[in-house]
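Peer 1: Input: one structure, supplied below.
The values are calculated or read from the model by the stated rules, or taken from the named source; none is laboratory data. Because the structure is a prediction, the values reported are computed rather than measured. Cβ placement follows ideal geometry from the backbone for every residue including glycine, while neighbour counts extend to all protein chains displayed. Calculation scope for accessible area: heavy atoms of the full protein, side chains included, ligands and nucleic acids excluded. Shrake-Rupley method; radii C 1.70, N 1.55, O 1.52, S 1.80 Å.
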Amino acid sequence: MKFASYKDGRDGKFLLVSKDLTQACFVPDIASTFQQALDNWPSVKSKLQTRYDALNANQVKDAFAFNPTKTASPLPRAYQFADGSAYVNHVELVRKARGAEMPENFWHDPLIYQGGSDSFLGPNDPIQVESEEWGIDFESEVAIITDDVPMGINPEEAEHHIIALMLVNDVSLRNLIPAELAKSFGFFQSKPASSFSPIAVTPDELGSAWDGKRVHLPLKTYLNNTLFGEPNAGIDMVFSFPQLIAHAAKSRYLSTGTIIGSGTVSNVDRSKGSSCIAEKRMLEIIEDGKPTTPFMKFGDQVRIEMHDVQGKSIFGAIDQFVVQYEKDANALPMDKLVVRPARSL
């Protein structure tokens, strides 16, 4: 099944979207928000599947043309967003560029930080930043949504707690990161609101590309309409999603609607490009002694998308522009942002 949330209040208006992303329908008799559907997943799953099948068969009377520019993130806000760094090659590369050795335990003990989850950006919402000097970067990732996860679960059991998957742009302000990490207390100011793909999908929508642990498809990122990278999300992912779940749940329960990100998708094969500017800059430092690729400027555009083996978009696209944030005491809340229509490639 494929799900989305149109902008409507803080939690959006839940809808089903057809497999080809052309048609949609609201399902208020089943669930009014995505979180409500997740909270009642055992009792609503079959009802949603029946309606989804009817939608794909053009048998839903009140179906309408799906418009991704009207969407919030599938979960406009969530109880928890834990972002991992499962592509250890990416971590090693960043540390190598600054002359730091990577601890051996990074290869067998996952890295996860607690991200902000009170208000996510929609897939076409502008990335608002006060200053270009903060080092504006995108991070293209895959994420999962879980149901209730018991504390102390093992990876084999965790695999059965994945309800849906999405794409993520985990926006990072690179020049604010060093000072924050130097305090040994994690990210905060350097990690503004993340954005997610217009569509969340159940694992079966991925077919053979999903093995229960990883998504074996390229994740494409375009910067100003030029392909920046297309590493395969299933290659070089040292820690699988079930392993990330088990790590996050070692000492706590995870509530239904918890989002766990993969971290920046990265391949050892450098011909596939990168999923963030920082990685490309690190490669330039290693090769030439200095970085030449600048971080994003106001007016820059980033587009993140994944296609199936037939070339069809699975999650729709994250398509955002960077704009300068202007302080305003009467600024509109996130759920009422007026967004600029995304340009097509």
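Peer 1: With the condition kept exactly as written, say whether any residue in the range 91-111 is touching a Phe, Trp or Tyr at 6+ places or on another chain (Cβ under 7 Å), open to solvent by less than 10 Å² (accessible area, probe 1.4 Å) and closer than 23 Å to Phe228 by Cα.
Peer 2: No - not one qualifying residue is present in the range 91-111.
Peer 1: Can you tell me which residues in the range 207-244 are under 20 Å from His160 (Cβ atoms), under 16 Å from the mean Cα position of the chain (by Cα) and either part of a strand (DSSP E or B) or touching a residue at least 60 places away in the same chain (Cβ under 8 Å) (or both)?
Peer 2: Passing the criteria: Val215, Met237, Ser240, Phe241, Leu244.
Peer 1: Among the residues of the range 62-90 satisfying the criterion of being β-branched (Val, Ile, Thr) and surrounded by fewer than 21 Cβ atoms within 10 Å (Cβ to Cβ), which is nearest to Leu121 (Cα to Cα)?
Peer 2: Just the residues of the range 62-90 that are β-branched (Val, Ile, Thr), to begin with: 69, 71, 88.
If we keep only those that are surrounded by fewer than 21 Cβ atoms within 10 Å (Cβ to Cβ) as well, we get 69, 88.
Working: Thr69: 12, Val88: 27 Å.
It comes out as Thr69.
Peer 1: Continuing with this model, one more query. Can you confirm whether Lys280 is part of a helix (DSSP H, G or I) and not β-branched (Val, Ile, Thr)?
Peer 2: When the stated conditions are applied, Lys280 passes them.
Peer 1: Yes or no: Lys250 touching a helix residue (DSSP H, G or I) at 6+ places or on another chain (Cβ under 9 Å), basic (Lys, Arg) and either in a loop (DSSP other than H, G, I, E, B) or open to solvent by 40 Å² or more (accessible area, probe 1.4 Å) (or both)?
Peer 2: Spelling it out, it is not the case that Lys250 is touching a helix residue (DSSP H, G or I) at 6+ places or on another chain (Cβ under 9 Å), basic (Lys, Arg) and either in a loop (DSSP other than H, G, I, E, B) or open to solvent by 40 Å² or more (accessible area, probe 1.4 Å) (or both).
Peer 1: Within the bounds of the range 301-313, is there any residue that is of a type outside the set (Phe, Trp, Tyr), closer than 30 Å to Gly152 by Cα, open to solvent by less than 50 Å² (accessible area, probe 1.4 Å) and part of a strand (DSSP E or B)?
Peer 2: no
Peer 1: Ok, one more. For residues that are in a strand (DSSP E or B) and not aliphatic (A, V, I, L, M), scanning just the range 152-193, find the one that is modelled with the lowest pLDDT. Reasoning before the result, please.
Peer 2: Here is the first cut: in the range 152-193, the residues in a strand (DSSP E or B) are 162-169, 172-173.
Pick out the ones that are also not aliphatic (A, V, I, L, M) and you get 169, 172.
Working: Asn169: 98, Ser172: 95.
So, considering only residues that are in a strand (DSSP E or B) and not aliphatic (A, V, I, L, M), the one modelled with the lowest pLDDT is Ser172.
Peer 1: Check whether at least one residue in the range 5-17 is surrounded by fewer than 18 Cβ atoms within 10 Å (Cβ to Cβ), more than 20 Å from the chain's Cα centre (by Cα) and modelled with pLDDT of 95 or more, and report yes or no.
Peer 2: yes
Peer 1: Right, here's the next one. Keeping to the range 27-61, report how many residues are of a type in the set (Gly, Ala, Ser) and open to solvent by less than 10 Å² (accessible area, probe 1.4 Å).
Peer 2: Number satisfying all stated conditions: 2.
Peer 1: Quick one: Phe196 ticks every box in (1) modelled with pLDDT under 95; (2) touching a Ser or Thr at 6+ places or on another chain (Cβ under 8 Å) except a single one, so which number is it?
Peer 2: (1)
For every residue, the table says whether it meets (1) β-branched (Val, Ile, Thr); (2) surrounded by fewer than 18 Cβ atoms within 10 Å (Cβ to Cβ).
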position: Leu165; (1), (2): no, no
position: Val168; (1), (2): yes, no
position: Ala179; (1), (2): no, yes
position: Phe196; (1), (2): no, no
position: Glu205; (1), (2): no, no
position: Asp211; (1), (2): no, yes
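Peer 1: Something else now. Mind listing whichever residues of the range 8-42 are of a type in the set (Ser, Thr, Tyr) and under 17 Å from Ala164 (Cβ atoms)?
Peer 2: Scanning the range 8-42 gives Ser18, Thr33.
Peer 1: Go through (1) touching a residue at least 24 places away in the same chain (Cβ under 8 Å); (2) more than 30 Å from Asp269 (Cα to Cα); (3) among the hydroxyl-bearing types (Ser, Thr, Tyr); (4) out of contact with any strand residue (DSSP E or B) (no Cβ under 8 Å at 6 or more places or on another chain) one by one and return the number of the condition Tyr6 breaks.
Peer 2: Going through the list (1) touching a residue at least 24 places away in the same chain (Cβ under 8 Å); (2) more than 30 Å from Asp269 (Cα to Cα); (3) among the hydroxyl-bearing types (Ser, Thr, Tyr); (4) out of contact with any strand residue (DSSP E or B) (no Cβ under 8 Å at 6 or more places or on another chain), Tyr6 breaks only (4).
Peer 1: OK, next. Quick one: in the range 261-300, which of the residues that are surrounded by fewer than 24 Cβ atoms within 10 Å (Cβ to Cβ) and among the β-branched types (Val, Ile, Thr) is nearest to Ile235 (Cα to Cα)?
Peer 2: Only one residue fits best here, namely Val268.
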